[in-house]
1. Tally Lys and Arg at +1 and Asp and Glu at -1 over the other residues with C-beta under 11 Å from the C-beta of Leu335: what net charge comes out?
2. Please report the orientation-averaged projected area of the range 333-391, defined via the convex hull of its C-alpha atoms, in nm².
3. Which aspartates and glutamates have a Cα less than 15 Å from the Cα of Lys179, not counting those fewer than 8 places away in the same chain?
4. Got the relative contact order for the range 325-453 handy, in percent, Cα pairs under 8 Å and 6 or more residues apart?
5. List the pair-distance distribution P(r) of the range 362-482, using every Cα-Cα distance, as the percent of pairs falling in each 10 Å bin from 0 up to the bin containing the longest distance, rounded to whole percents.
6. Counting only other residues whose beta carbon sits under 15 Å from that of Ser469, what net charge do I get with K and R as +1, D and E as -1?
7. How would you rank 392-402, 197-207, highest first, on the average number of other Cβ atoms within 10 Å across their residues?
8. Taking 0.36 nm per residue of sequence separation and subtracting the Cα-Cα distance, how much length would be gained by fully extending the chain between Ala398 and Arg430, in nm to one decimal?
Amino acid sequence: MEAPGAISLQLGVNALCALKLRLPLGLPTPSSDPPGGGETYLSRAWTTSPSVPGRVVASVRRLHQLRATMQWAGSMMSRLRSCLQALPSALRRSLSSAQDVLRRTPLYDFHLAHGGKMVAFAGWNLPVQYRDSHVDSHLHTRRHCSLFDVSHMLQTKIFGHDRVKLMESLVVGDIAELKPNQGTLSLFTNEAGGILDDLIVTNTSEGHLYVVSNAGCWEKDLTLMQDKVRELQNMGSDVGLEVMDNALLALQGKWARLGLELTFAFQVSSTAWHRGRAAPGEGPTAAQVLQAGVADDLRKLPFMTSAVMEVFGVSGCRVTRCGYTGEDGVEISVLAAEAVRLATALLENPEVKLAGLAARDSLRLEAGLCLYGNDIDEHTTPVEGSLSWTLGKRRRAAMDFPGASVIVPQLKGKVQRRRVGLMCEGAPMRAHNPIMSTEGTVLGAVTSGCPSPCLRKNVAMGYVPYEYSRPGTLLLVEVRRKQQMAMVSKMPFVPTNYYTLK
């Protein structure tokens, strides 16, 4: 069977060879070009005709030159194809297609069977959407319930007596204060105060820390933790690390509760957006969907807590009440071999639909949540990124985390810049769009932006100087070379629905 890349190359050659460049309408067309190419014909039949404008002659010449170039390209691609086919099969497969080197989650074939449109993301082949549009999937999550495959995330176990010591040497959070099965969002930081990644750390009752971090930082995070493990082990500490190969499913959706009235109609005032009321609730919450398949009472599992349980007959699942959509929901860590079985069981509820990367991105943006590499990175401190709340109180006082000498003083003073939310009408704001003062001075740039399906307005995040970060501040954003008015807005843009016991 021919390698996928060779097939793609063949299609490319066929397309080039099939391309026919035609002369402008109303002009005589030669039946075939003479051996010397179209130029001799043109010189004889066109340049001698006083009725043909010079610019038309020049245009036709360029068309023939382009056709000759395309024919040459087709010949070169044919030679390249021959060379590719002559390579050893193993090497040919490695060169043939970028898709071949992308990792696949245990649900890859499941996604294809359900109409998933696969794209490359952080080294993985993942569904960006399914048969429904991105907007439909987004709204379905808010109104009903959606299932996301987030198995590309790095899942690790940190075990041993000194597991907390190891984690607190790398992150800004107070891990020692976590109760059994309680988790927290934290940050890996460097000595300059920059954010290396964001992650969730859970103190499990099974005697280990369960850590979930971003796929895009997989190698960096793993190296960071492994190096620290070796360092502490060499000092006599009792600590170890295990990479888990589990799948990870995120079941999200609480906006529409049974028996409650909610809406997606929003109104804007000069400083804020207000949620209105509308039709009765349209579907079950993620917890209600899951409750049908577990014996544990999910009402006793609040936001950022975790438990191991059997889910729809699949034993050994770790269920954590969290997610990255702003809705109530859970993330279920399940053995890779059981992932399809569990996903199939969850989809038996007609209110549950699969959703992809596109919906997950717009949902997290509405919720004011950062995407690492866009909204935060190694050159952003937690204070600049409006993530000061991740710094444990004890850790601030002790100043014993990486970059504390830079980060802690920023808590008491004014930072040069700060991450803010932005809202505007008109064209959608996108990453890298310049943010300016109303006088036209460039202040910063947008880091994430999209039209909000719920608000029907454009939302974005970006960085501006501290003095421009107050909600209600009017700014300009340059979109498609045009300046349009934007307003600094509080985040989240859409109210979150995390489940707490308060």
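1. Working: positive: Arg318, Arg341; negative: Asp245, Glu338.
Its environment carries a net charge of 0.
2. If I average the Cα hull's projected area over directions, I get 6.4 nm².
3. Reachable aspartates and glutamates: Glu206.
4. Here the relative contact order equals 21 percent.
5. 13, 42, 31, 12, 2
6. Neighbour charge sum, excluding Ser469 itself: +3.
7. Details: 392-402: 15.6, 197-207: 19.8.
Result, highest mean first: 197-207, 392-402.
8. Gain on stretching Ala398 to Arg430: 7.6 nm.
Read-outs: derived from the displayed coordinates by stated rules, not from any lab. Since we're looking at a predicted model, the values are computed, not measured. All Cβ positions, even for glycine, are placed from backbone atoms using ideal geometry, and neighbour counts span all protein chains on display.
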